Amino acid sequence: MAAKSTREDLIDVGVELMHQNGYNATGLTDILKAANVPKGSFYHHFGSKEDFAAAALERYGMREREHAAVFLNDTTIPPLKRLRRYFGDLIRIYGQKGAIPGCMMGRFSLEIAGESPQLRKRINASFDHWQQTIAAVIGQAIEQKELAVGTDSELLAAFVLNSWEGALLRSQAAQNNASLEGFMHFVFDELLVKRPKAKVGGKQENR
């Protein structure tokens, strides 16, 4: 296996440091020290710290897409079971017992998205892709009659993703996984279920 390039090594270091400490608290000196490269090497590959952060966000998003594919692309497992397993594994990784709790995109959204159009665009594109990935699985659940025909997969995926990010943020404040456990219960035991329709003419129909 070929050795990683200086650029690739810098990005990997940046993902870890910025995920853990955020954008503002991660200084150039911290990055250079962790990657063991001189300042000139950094500016050879990146025009600014903002450009570097954009590359780190792209790397983080790529890793998350690969992680999602492992769970969500296995069509031998029913769609909603896949989705439950996926979010359960996200809790393992990003919950309070994970190596670095919390979501890097969520952290950046709060910290820097309002100040940097470049990073805001990158973050929003990653969230959009994530939502579409979840929507595709929900769409499969509708096709396989796990959810009612007529369910809006995009709207439901947006709600699930937004609820996940909110629960993850709350878990950071509380320093426990209670909000994440609540998310799992509500989403998979209350929301993503096929409900019976009200009785019409003495006959009950599914919705």
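With the cut-off at under 19 Å, measuring from each backbone N in the range 18-46 to a point 7 Å along the Cα-to-Cβ line of THR6 picks out 28-46. Quick one: check the C-alpha center-to-center distance for the range 64-128 versus the range 1-55, whole angstrom. Cα centroid of the range 64-128 versus Cα centroid of the range 1-55: 21 Å apart. Normalised by the number of residues in the range 115-160, the mean separation of alpha-carbon contacts (under 8 Å, six or more apart) gives a relative contact order of 38 percent. Take each complete run of DSSP H in the chain, measure how far its Cα atoms stretch along the helix's own axis, and keep only those covering 30 Å or more with mean Kyte-Doolittle hydropathy at least 0.0; list them. In the chain, the long hydrophobic H runs are 153-174.
Distance between the modelled labels on HIS44 and SER163, one decimal in nanometres: 5.0 nm (7 Å Cα→Cβ projection). Give the shape of the range 72-118 as rounded, prolate or oblate, defined through the alpha-carbon gyration tensor: a ≥ b ≥ c are the square roots of its eigenvalues, a/c under 1.5 means rounded, and otherwise the shape is prolate if a/b is larger than b/c and oblate if not. It comes out oblate by the Cα gyration axes. According to the square roots a ≥ b ≥ c of the eigenvalues of the Cα gyration tensor, what is the shape class of the range 70-183, taking rounded for a/c under 1.5, prolate for a/b larger than b/c otherwise, and oblate for the remainder? Oblate.
How many percent of all Cα-Cα pairs in the range 42-130 sit more than 21 Å apart?
The proportion of pairs with Cα distances above 21 Å equals 41 percent.
In whole percent, and with a 1.4 Å probe on the protein chains, what portion of the accessible area of the chain is carbon and sulfur? On the chain, the fraction of accessible area on carbon and sulfur atoms equals 51 percent.
Taking all Cα pairs closer than 8 Å and separated by 6 or more residues, the relative contact order of the chain comes to 19 percent. Annotation: average projected area of the range 1-66 is 4.6 square nanometres, based on the convex hull of Cα atoms across all directions. A Förster distance of 22 Å, applied to the separation of the beta-carbon atoms of LEU28 and GLU58, puts the FRET efficiency at 0.70.
A 1.4 Å probe over all protein chains sorts LYS81, LYS49 by accessible area into LYS81, LYS49, starting with the largest.
The values are calculated or read from the model by the stated rules, or taken from the named source; none is laboratory data. It should be emphasised that the depicted structure is a prediction, and the values quoted were computed from it without experimental measurement. We place every Cβ from the backbone using ideal geometry, glycine too, and count neighbours over all the protein chains shown. Keep in mind that these areas ignore ligands, DNA and RNA; they rest on the heavy atoms of the full protein, side chains included. Shrake-Rupley method; radii C 1.70, N 1.55, O 1.52, S 1.80 Å.
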